[in-house]
Amino acid sequence: MKALFTAALAAIAAAPLAAEEPTPEQAPETTSVTAAADAFFAALRSEDKTALARQMLPEGVIFIHNRMKPDAPRVDVVPVAKHLERWAASPEDLDEVMAMQTVLVDGDMAQVWGPYRFMVRGETTHCGINSLSLVKTDSGWKVANTSFTMERPSECERLGAPEDGE
């Protein structure tokens, strides 16, 4: 009996997380959070390199779980303010698409989670899982902190990364 219970728990823990439909009370906030995440990605692909600063809180932090070299993974921590400085000098024709699988909202705090694909001039350079933490401010939802895995293009299908334009 104990073995059956343990097996059942293991199966539940191993099951993939599915996006949950928001309750009617949560739906308007969930829609505004996904709109803010969409604005974040539109700013990433914009030729206006200052657009991203309008979607993020400069006090935030970015955690990059870099797995591009599987034998030497690392976690890089970058303050958002420093990232925005670097972003201003980034090349044009960048794009990132994300499948927002999970959106959670509690008052002025939200989380958006899902696989993504990053492209330069239409070529995938990496993909992974994005975790965006958003905060509701007087001017709307802003991305405060992000964590993401960064994996080789050969891993995109396994991770469920969306194709360009999905």
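A few comments on the model shown:
- Residue in the stretch 50-60 that is under 18 Å from S32 (Cβ atoms) and surrounded by 19 or more Cβ atoms within 10 Å (Cβ to Cβ) present: yes
- The residues listed here are E20, E25; of these, the one that is surrounded by fewer than 11 Cβ atoms within 10 Å (Cβ to Cβ), within 27 Å of D108 (Cβ to Cβ) and at pLDDT below 95 is E25.
- Checking P79, P115, P91 one by one, the residue that is in contact with a Gly (Cβ under 6 Å, 6 or more places away or on another chain) and within 20 Å of M150 (Cβ to Cβ) is P115 and no other.
- Extreme residue, surrounded by the most Cβ atoms within 10 Å (Cβ to Cβ), among residues of the stretch 111-145 that are more than 23 Å from P91 (Cβ to Cβ) and of a type in the set (V, I, T): V112
- Residues satisfying the stated conditions in the stretch 84-105, i.e. closer than 19 Å to V135 by Cα and either of a type in the set (V, I, T) or modelled with pLDDT under 95 (or both): L84, T102, V103, V105
- Criterion violated by A13 - all others in (1) modelled with pLDDT of 70 or more; (2) assigned to a helix (DSSP H, G or I) satisfied: (1)
- Residues being modelled with pLDDT of 95 or more and within 18 Å of I129 (Cβ to Cβ) - total across the stretch 70-83: 6
- Residues of the stretch 61-86 satisfying the condition of being surrounded by fewer than 16 Cβ atoms within 10 Å (Cβ to Cβ) and charged (D, E, K, R): K69, D71, R74, D76, K82, E85, R86
- Condition check for F148: crowded, with 16+ Cβ neighbours inside 10 Å and over 15 Å from D38 (Cα atoms): yes
The values are calculated or read from the model by the stated rules, or taken from the named source; none is laboratory data. Small disclaimer: the values here were computed from a predicted structure and weren't measured. Note that each Cβ is placed from the backbone with ideal geometry, even for glycine, and that neighbours are counted across all protein chains shown.
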